[in-house]
Structure formats: C-alpha cells, structure tokens
Amino acid sequence: VFAQSGLEFEYRSLADDKCLNDLWRRSPLSYVDQVKTPLLILLGQDDKRVPNNQGLEYLRALKARQVPVRLQSYPGNNHSIDDVEADADVMVNTLLWFSSHI
C-alpha cells in the first residue's frame with residue numbers, strides 16, 4: 001500500500017493519523033460521492049496489488065448511489081489480467097460496456 005501510494009513507511013511503527021488521512025485521500029472511496037460516469041470494474045481474483053474486497057466495496061458504494069456499475073472478476077489472474085481467455089473477455093466486455101454507455 002505504501003509503495004503504491006508514494007508515502008513513506010517505517011516498518012517499526014504503526015501508521016499515524018496523518019499517514020492514514022493521506023491514504024484515505026488517495027482512495028477512490030473518498031471520492032465516490034462525485035462519481036457520475038458509468039463504471040466497469042475489472043478484477044483479477046489473484047490480484048496482489050489491489051485486494052478484491054476493495055473493488056467489491058467500491059461496487060457496493062457506487063450501487064448505493066445508483067451509479068451504473070458492473071464488475072467482472074477473472075479467476076487465476078493478477079492485477080494485469082493477462083490470461084489469453086480473460087484478456088479476450090476483458091476486450092469484449094469493455095467494448096460492450098462502451099457501446100451501451102456512449
């Protein structure tokens with residue numbers, strides 16, 4: 001989390017309030033009230049960079065605000081979703097998503 005956010009991390013101590021606030025400001029959930037655009041969320045189920053529960057939490061938050069949202073989950077794929085069949089499915093579903101929302 002810290003490496004991806006650009007924040008400093010001291011492994012010998014817990015994150016302080018300033019650090020936690022900085023992380024929150026970098027989180028998509030902190031801006032969910034501003035989202036109006038339909039969103040397609042694509043998750044690799046084995047993602048080590050972004051845990052799936054974060055994508056699911058974002059999905060629930062958007063649905064609660066009645067933002068058009070759809071989630072596609074890809075077993076056996078990491079953050080990059082690079083399995084050939086999954087990659088093809090991503091392309092097809094992305095095109096279908098755009099064609100129905102543009």
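Going through Val84, Val90, Val69 one at a time, which residue ends up being in contact with a Lys or Arg (Cβ under 7 Å, 6 or more places away or on another chain) and at pLDDT 95 or above?
Just a single option satisfies the conditions, and that option is Val69.
Just to check your reading of the model, which residue among Arg49, Arg12 is modelled with pLDDT under 95, over 23 Å from Ala86 (Cβ atoms) and of a type outside the set (A, V, I, L, M)?
Being modelled with pLDDT under 95, over 23 Å from Ala86 (Cβ atoms) and of a type outside the set (A, V, I, L, M) holds for just one of Arg49, Arg12, which is Arg12.
Tell me, please, whether a residue that is of a type in the set (Asp, Glu), modelled with pLDDT under 95 and not in a helix (DSSP H, G or I) can be found in the stretch 17-38.
no
The values are calculated or read from the model by the stated rules, or taken from the named source; none is laboratory data. From a predicted model like this one, the values you see are computed outputs, not experimental measurements. Note: ideal-geometry Cβ built from the backbone for every residue, glycine included; neighbour counts use all protein chains shown.
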